[in-house]
Amino acid sequence: MPDLRGSYVSQAVISSLIDMKEDEKMKIVFLHLSDLHLQNLEGANPTKIQAAVRALSVFGEFEGIVIIVSGDLAAKGYSNEYKNAGIFIGRFTSEIRKKYCISEKNLKILLVPGNHDINFGNMKRATPEEIRGYSDEEKEINLRQEIKQMKDFFCYASGNKCFFAEDEVPYGQLVTRKILHFDNGYRIEANLLNTAPFSCSADDGLHYLPEDVIQRLSEPSAADISLIVMHHSPDWFGFSQKKELEGIISQRNSIAFFGHEHMLGTQHVLYDNGSQILKQAGGAWWQQSSPTSCEYYAGVFNSEDRSYALRRFIWDNELLHFNNSSSQEHTLVMKPLNGCQLFYREEYNANLMNDDKHAISSDIADYFVFPDLRTNASKEYSNGKSIRKMEDLIEYVKKNKYVAIVGGSNSGKTMLLKMLFKTMQGHMPVLYCNTDDITGRNQENIVKELVRNTYGENSYTDFQQLSVVPKAIIIDDLHRISHKHLNKFMRGIENVFDIIIVGTEETGEFDIVQMVKDNIKSENEFKKIYITRLYAEKRLEVISKVVALKYRGNESQGRGVARTLEQCLNTYKLGFRTEVDFVVQFADYYCSHIGELDKSDAKVFSKVFEASIERAIAPNLYERKENTNDIVVALSDVAFYVHFHREYPITAEHIAEVIEAYCKYYDNRYLTAARFIDIVENSGLMVKTGNGFEYRFKSKDHLAYFVAKALNRKFHNEDGDERNLRQIVEHSCFGINGDILMFLTYISDNVRIPRLLLLQAIQYVKDWKEFDISEKKVKYLHGMPERSLSAPTKDEKESDVRNQAEAEEMNDTPIETLDIYDYDVSKIDEVNNQLIRAFLQLKIIARSLSAFISILPAADKRDLVFAMYQMPNKIFNKWAETIDSSIAELIEEIMKWQEDSDYKGKKYSREEILKFFQETSLGVLLNLYFLVTSYGANYSTVDYLSQQDYIENSLNYRIERMMFLEKIDDYQAVIKEAEQIYDEFDDGMIRNMVLVILRHLMVYSDKILDKERRRVINKYFSTKDQTRILLDRQKALQSQNI
């Protein structure tokens, strides 16, 4: 039975996932200030600075900020002006930290000098004519002289690690490169260029920098993206240097920040060589000639997709605030920062990342979630240890060189490889290819075409000239490439690429990785990495990302939808919920058909799952003589034979008999057993066992699904023969039978099926007594003390999802299980099997109300609802009576166990052990109610469930109804009922049940007003718990940006 504490997904967890605050993603504000001219503190007015900081709230939440000052901090380069600059920057940083809680590590400052930062004093400034006539030696002399006149700027800037003395760093007063490291590991290369020298009186565009300084800009780094800050743009340099400087800047930097011209402006430039850059010119913050004028740019950069949302801010001197007058949307182009001069074609990247499979977004990165990867044993990664971040995967690849990423069908393998390709572009030249790219051509022509597609038509020569060491290739769907073509392509591949990454599925007869190793004559060990299935934690991330895309601009509704979808998939308990494709399709379909899940999530499941099966079958049909429906029906007949003959795996001979009977019955003249086996094998729906002549379904869930399909068809078409269905109901306590019944509620619209299932269930428990908590005839439950209600911490809430993921993985049954039908029918009447059968029937009854609510006759609805109230109490009473009859013996057994020499825990008294039995029993009863709630209660059914006349006459039913109402977050009704019951009954068990439900509501409801929350906490919680709950709630509200 489910654990109530982990039954619901934390709303705070969903909110944080929708907001996408994960390690791999960061929003960084670039605050671009320029031309401060701080002759006095008038330009450092606190009111104006506070207004500028407040204006940044237009960007919503962000995790980092870079303050960029593109020159002219001073008016004349005097030392006191840099004290003013220190006050100015200090006020900005103080206000930013105070308002946005930015950590010290995530707040960066970049400064460059402008012509006003040269203290010319009594020094005569060169005229344009003099500069034009300078020899190389005279240029150097003038350069050194002007740098000396900037000593006060360098004294201030060095404190921010912007520019250094000549004896510290060569050319350190002309160029500085800073790598900005952020908390999440993201790195920005910031190039700071001193363009102030040669600012003649007329400033005629005669600026100059030594050649070595310009070349320093080309040095490689390991950053993720690069920017440059300079006061004068390349347009202010002499013609020969302008062209060179422009080329190097555009090849390396994604964005350039300029000053000097006192005019805001942006320009996105595409050069003939394919390089692109965004140029951003800052306005003037303060000018003595126009003290009320002030303007600046600020933009928020998203590190995941490199989007850059830019806003222009202009000071309103009457209202004393900054107007956000215009907005621009850009995407910063990734540049090769590792020394490679090849530029990735944005069009190629866009086509590769296009979401052509699900069509949810234009870019799969929008809903990509990094999977949990398991590595082989090694010194760094012990067996079973995970790789959880892209950065860690890249480091693993760099170290191990040859890596195979192994994942099943629909595991998200291709998406991972494409995201890996995109991320590796910032580390080394890398190519991506799949099945379609490797044909009968020779290796060189294949590589040549890949290079041209990736980098451009004339890039192959440059690619060949690169060193072997930094080059990588990613080969997807290796298992689909014919051995002939693969052998030809892989032979000698290690001479071209240092790093080889392949994506593949692992089948029973497979070791394609070994085949690759045989073709690569290298001493490198080929490492395998396995993609795990999509358990709760990752599943919630995927759901939240898809929902966020569908509900842009309506985050509040999106959080509710994500919670509903996750709860829905949690109830399925099927392998499909751990497949990326199924989860994406399910979330997408629901969001696009918002009303259908409220009526029947079974309808959504059926459409999505059947579509995924059809997509798997379709590419493998022969000349279209068969259609997908033929194969689905034939598969259901095979599954039906397997189940009712209890033969698993099934032999090829018996498959042939089933297909022959199928073809005869449906007059199918094309399908043969050999064709059928070939199609279902290639589709991945059935797999051959090791002996080569027996076959299994892809999973137990697939087998159960196809048995249910056959039963539903036969129940419709063959005069509603109930014998097979009755047999499955009778055997529902044994493994796969319960799964088959559950699938029937997902795929059928025949109301006779839930009616039959209900009649069977009612008949089965008709002689069982119903537990009445107000009478409490079960003796060991007497005298249960009321316990104090503890409040969960925020960390505890978030750990629910992680714990659920671990439980799913632990209980994940391997496909190769051999004992699906290894059960003893003669044990059907044992008490434990009776309870299991009744438990499964209860689940199916609850599922049936949700699935059939719109088409069930009124009488059937009433009967289903009454069973949903009555059966949990009958099942509990049956279970509790068996404990009550032997409670003394059970307590004595535990007392003896505590005396065992191997027992290391605390020893408990008989009274304390009895209390454990009581509290465990309370949990069992609540979990039975929760079972009904999770499978049967939603916005369409709760009104019907909560408005039955008989509920008021039963305390048990009133408590169960509270859980129904809590499911839809009707907090007012829950609190009202809880207070009435709590005040009416002075009984420990009753009050404990009420408090557990109330506790759950306090933690997970996002609708309760704070005033009402405080009132409830003051009444039911200790002072210590009040403080903790209020603090946790405040943190949750902050995480939702409320």
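Here segment 25-64 is scanned for amide nitrogen atoms under 13 Å from the site 7 Å beyond the Cα of residue 99 along Cα-to-Cβ, giving 31, 46-62.
Short to long, the 10 Å bins of the Cα pair-distance histogram for segment 27-331 hold 6, 29, 37, 22, 6, 0 percent of all pairs. Per-residue Karplus couplings for segment 700-711, computed as 6.51 cos²θ - 1.76 cosθ + 1.60 with θ equal to phi - 60°, are listed in order as 4, 5, 5, 4, 4, 4, 6, 5, 4, 4, 5, 4 Hz, Gly and Pro entered as x. Expressed as a fraction of 2.2 N^0.38 Å, the C-alpha radius of gyration for segment 192-252 is 1.15.
Going by a ≥ b ≥ c, the root eigenvalues of the Cα gyration tensor, does segment 230-281 fall in the rounded group (a/c under 1.5), the prolate group (a/b larger than b/c) or the oblate group? It is oblate, given that a/c is not under 1.5 and a/b is not larger than b/c. When only Cα pairs below 8 angstrom with a gap of at least 6 residues are kept, segment 63-136 shows a relative contact order of 50 percent.
The value for segment 15-120 of Rg(Cα) / (2.2 N^0.38 Å) is 1.21.
A P(r) calculated from all alpha carbon pairs of segment 680-777, with 10 Å bins opening at zero, reads 14, 36, 26, 16, 7, 2, 0 percent. Extending 7 Å from the Cα toward the beta-carbon at both residue 409 and residue 660 defines two label points whose distance is 2.7 nm.
By the beta-carbon count within 10 Å of each Cβ, the least crowded to most crowded order of 188, 314, fewest first, is 314, 188. In this simple spin-label model, placing a label point 7 Å from the Cα along the Cα-to-Cβ direction at both residue 667 and residue 495 gives a separation of 6.3 nm.
Put one equal scatterer on each alpha carbon of segment 191-296, apply the Debye formula with no solvent term, and list log10 I(q)/I(0) at q = 0.10, 0.13, 0.16, 0.24 1/Å to two decimals. The Cα Debye sum returns log10 ratios of -0.31, -0.51, -0.76, -1.43. Relative to the Cα centre, the charge distribution of segment 623-750, modelled as +1 at Lys and Arg Cβ and -1 at Asp and Glu Cβ, gives a dipole magnitude of about 220 debye.
When each of 768, 879 is scored by the number of other beta-carbon atoms lying within 10 Å, the sequence from fewest to most is 768, 879. Of interest is the spacing of the C-alpha centroids, which for segment 614-669 and segment 272-331 amounts to 65 Å. If the segment from residue 316 to residue 155 were pulled out straight at 0.36 nm per residue, it would be longer than the present Cα-Cα gap by 54.5 nm.
Multiply the residue gap between residue 767 and residue 45 by 0.36 nm, knock off their C-alpha separation, and tell me the result in nm, one decimal place. That pair, residue 767 and residue 45, stretches by 251.5 nm at full extension.
Legend: calculated FRET efficiency, residue 211 to residue 436, from the Cβ-Cβ distance at R0 = 60 Å, rounded to 0.05, equals 0.80. As a size descriptor, the averaged projected area of the C-alpha convex hull of segment 623-750 was calculated at 8.0 nm². Which FRET efficiency value, to the nearest 0.05, do you get for residue 323 and residue 1018 by plugging their Cβ-Cβ distance into 1/(1 + (r/R0)^6) with R0 = 60 Å? Computed FRET efficiency for residue 323 and residue 1018 comes out at 0.85. Proximity of backbone amide H atoms, modeled 1.01 Å from N, is registered between residue 26 and 303, 304 at under 5 Å, excluding neighbours fewer than 5 places apart on the same chain. Computed over the Cα atoms of segment 839-879, the ratio of the radius of gyration to the Kirkwood radius (Rg/Rh) comes to 1.02.
Cβ crowding within 10 Å, taken as a proxy for footprinting-reagent exposure, orders 713, 726 from fewest neighbours to most as 726, 713. Translational diffusion of segment 669-729, estimated by Stokes-Einstein from the Kirkwood radius over alpha carbon pairs at 20 °C in a medium of 1.002 mPa s, is 159 µm² per second. Computed from label points 7 Å out along Cα-Cβ, the spacing between residue 881 and residue 556 is 5.1 nm.
Just to be sure I understand the curve: with the Debye formula and one point per C-alpha of segment 836-912, what is log10 I(q)/I(0) at q = 0.14, 0.15 Å⁻¹? Normalising to I(0) and taking log10 leaves -0.65, -0.68. Over all pairs of different C-alpha atoms, segment 110-214 has a mean inverse distance whose reciprocal, the Kirkwood radius, equals 14.8 Å.
Readers should treat all values here as calculations from the given coordinates under stated rules, not as data from a laboratory. Quick caveat: nothing in here was measured; it's all calculated off a predicted structure. Neighbour counts are summed over all protein chains in view; Cβ atoms, including those assigned to glycine, are modelled from backbone coordinates with ideal geometry.
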